[in-house]
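Take a look at the following structure, please.
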Amino acid sequence: MTEPLLTTPLHALHIEANAKMVPFAGYHMPVQYKLGVKKEHLHCRASAGLFDVSHMGQLRLIGNNAATFMETLVPVDIIDLANGKQRYAFFTNEQGGISDDLMITNFGDHLLVVVNAACKTEDIKHISANLPDDVQLEVINDRALLALQGPMAATILSKLNPAVSDMVFMDALKLQLAGVECYVSRSGYTGEDGYEISVPSAQAEALAKALLAYDEVEWIGLGARDSLRLECGLCLYGHDLDTTTTPVEASLLWAISPARRTGGKRAGGFLGSDIILQQIQSKQVSRKRVGLIGVTKAPVREGCKLFDAQDNEIGIVTSGTYGPSIGNPVAMGYVDTALSSLDTEVFAEVRGKKLAMKISKMPFVAQSYYRG
């Protein structure tokens, strides 16, 4: 028997807005609203979009050694993560693969960890199985998560609390919005400037309505969230990242902190570190994640096989869509390392036809994070 779908605290608002609802990671979620995916995408790039991301897992780690403990699970510097700062990370496994990607924020008296919806049950098990006696894990079930994204996001949110305009990318603050205590970070997954807001479930609807009251703000569904993140070269777990893919193959070297690399002050010590650090040093992996831009106008979807000019199979597309901001098909995928150079022509197999694509640097659309 299939489990009934879960709903977020904003479910009634999505129904009221005539959202098209679909099952996603065990939740009943809005894939698009009245504007449709393309217009929602372009609206977020031009103004401000509001996303319900309450399906994601919010966890709290409490204890003086919480950061030390997290460093046994992620190849990232958490011990030196300053109070009020956030960092991107990923759980690794013993084979060097990635079991989820996540955000970690230091709020001083605790670490706030946000994990992907489809992975949260396994992530909670993973953390719990390794948890030392002096660190406490709290699963947060009474808060929603909103993302306000786009070039107008700061202008709008600062009307509810001017303090948010002083924040820079990856800053995090506990502050009042519309009279409600929220955890706010200046971050998001669209490539645009914006904020993620953890708000008590009981007040989530009122906060969402307060933001939607501004003409510049529109609801944005999962469809546009996917095209926005893909144009900005951001990975989606379970598609572009998985347990069989190492961070080196996934071109995520930038996220592995110098302190955790060979020669760093706390080198290794995370699951799969021998494999990952050896790959970094040798610079030898058999495949690599790359960006792909279509030469034709036909979109190329996840699962399409990739071939070289001699018709040898060389890889696979892991995410693909039509990029509304650039007016071209965009994709990412994995190809043999020898064929991963920029501007290499490859061919994606779509319904029996081979469509030309060029390996391109990512992001396809410049990221607009506010760094001060």
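The values are calculated or read from the model by the stated rules, or taken from the named source; none is laboratory data. Just so it is clear, the structure is predicted and the values come from calculations on it, not from any experiment. Don't worry about glycine lacking a Cβ; one is built from the backbone with ideal geometry, like all the others, and counts go over all protein chains shown. Surface accessibility is based on the protein's heavy atoms, side chains included, excluding ligands, DNA and RNA. Shrake-Rupley method; radii C 1.70, N 1.55, O 1.52, S 1.80 Å.
Kirkwood-based Rg over Rh for the chain (C-alpha set), two decimals?
My calculation puts Rg/Rh at 0.96.
Where in the stretch 31-72 does the label zone of residue 18 land, with the point 7 angstrom along Cα→C-beta and an amide N cut-off under 13 Å?
Once the point is set 7 Å along Cα→Cβ of residue 18, 33-36 turn out to lie under 13 Å by backbone N, inside the stretch 31-72.
At 0.36 nm per residue, minus the direct Cα-Cα distance, what do residue 253 and residue 137 gain on full extension? Give it in nm, one decimal, please.
Stretched fully, the residue 253-residue 137 segment lengthens by 38.9 nm.
Next up: I'd like the FRET efficiency for residue 305 and residue 85, computed as 1/(1 + (r/R0)^6) with the beta carbon distance as r and R0 of 56 Å, rounded to 0.05.
Between residue 305 and residue 85 the formula returns 0.85.
Hey, another quick one. Per residue, how large is the accessible surface of the chain? Use a 1.4 angstrom probe and give square angstrom.
43
For the chain, what does the relative contact order come out to in percent, with C-alpha contacts under 8 Å and a separation of six or more?
Dividing the mean separation by the residue count of the chain yields 18 percent.
Give the whole-number value, in cubic angstrom per residue, of the convex hull volume spanned by the C-alpha atoms of the stretch 188-253.
Dividing the Cα hull volume of the stretch 188-253 by its residue count gives 127 Å³.
Find the Cα radius of gyration of the stretch 320-372, compare it with 2.2 N^0.38 Å by division, and give the number to two decimals.
That ratio works out to 1.36.
Using r as the Cβ-Cβ distance of residue 296 and residue 125, and R0 as 45 Å, what FRET efficiency do you calculate, to the nearest 0.05?
With a Förster radius of 45 Å, E is 0.50.
Which pairs in the list 38/120; 288/358; 34/120 are over 23 Å apart, alpha-carbon to alpha-carbon?
38/120; 34/120
Would you list, by chain and number, the lysines whose Cα falls below 27 Å from the Cα of residue 265, excluding same-chain residues fewer than 8 positions away?
Of all the lysines, those that pass the test against residue 265 - Cα under 27 Å, at least 8 places apart if same chain - are 85, 283.
If you scale each eigenvalue of the Cα gyration tensor by 5 and take the root, what three semi-axes come out for the stretch 231-332, rounded to whole angstrom and sorted largest first?
31, 16, 11
Percent of Cα-Cα pairs per 5 Å bin, from 0 to the last occupied bin, for the stretch 93-215, please list those.
2, 9, 19, 21, 18, 14, 8, 5, 2, 1, 0
Moving to a separate point now. For the stretch 150-272, just the Cα atoms, rotate onto the principal axes and tell me the three extents in Å, largest first.
The Cα atoms of the stretch 150-272 stretch 49, 33, 27 Å along their principal axes.
Quick check: at a probe of 1.4 Å, how many percent of the accessible area of the chain sits on carbon and sulfur atoms?
That share works out to 51 percent.
Continuing with the same structure: Going through the stretch 78-167, which GluC sites (Glu not before Pro) have at most 14 other Cβ atoms within 10 Å and a DSSP loop state?
Of the GluC sites (Glu not before Pro), the ones in loops of the stretch 78-167 whose Cβ has at most 14 other Cβ atoms within 10 Å are 94.
Follow-up. Just in the stretch 272-366: which trypsin sites (Lys or Arg not before Pro) are loop by DSSP and have at most 14 other Cβ atoms within 10 Å?
Counting only loop positions with at most 14 other Cβ atoms within 10 Å, the trypsin sites (Lys or Arg not before Pro) in the stretch 272-366 are 283, 297, 301, 351, 361.
List the lysines whose Cα lies under 18 Å from the Cα of residue 159, skipping any in the same chain that are fewer than 8 positions away.
174, 209
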